[in-house]
Amino acid sequence: MRTDDVPQDNSSTYAGHKKLLYAQNEQGHYQSVQSNGWQVEAEATLDAVALYERLAREAWQLVKAGDKSPLYFYMYHSRMDEALLAQVAGVWRWCLRRHFKPTVFARLTPKILSRYAQAMDLSVEQLTQLPDTQP
């Protein structure tokens, strides 16, 4: 991309900030250029946020019904998927999936709970309880 082709669409997802991109100048050398947004990127970001909000609402219903543990809800509420949460918390994905079962989750050690809580920037108390109202 050339420096004069860098999008400047005033994206609402940037919240008034700018993003640093690299583009080629007239001599063909790469240089840093600031962009205040690209409409296509903003739409993709908003779509992803909407998806995680929908997944969090569905997860809340499953936890409320007793089919899943609160960990399942908080994963989506924190805009994470299984692969990301497992990586950040330092657990195997198959273990994470087991921890979605309410009976298994109830037996987790404080050490494992704190790893999950830290990964999602929550307290252990928050992690172990479902919010009263659906997000």
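What follows draws every value from the coordinates through simple rules; no lab data is involved. These figures come from a predicted structure and were not determined experimentally.
Figures for the structure shown
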| quantity | calculated |
| --- | --- |
| Extended-chain gain in nm, criterion 0.36 nm per residue less alpha-carbon gap, Arg57 and Ala15 | 12.6 nm |
| Between region 28-81 and region 99-131, the alpha-carbon center distance in angstrom | 20 |
| Degrees separating the helix 110-119 axis from the principal Cα axis of the chain, which is the longest one | 20 |
| Pair-distance profile P(r), taking every C-alpha pair of the chain, with 5 angstrom steps and integer % | 2, 10, 16, 16, 12, 9, 9, 9, 8, 5, 3, 1, 0 |
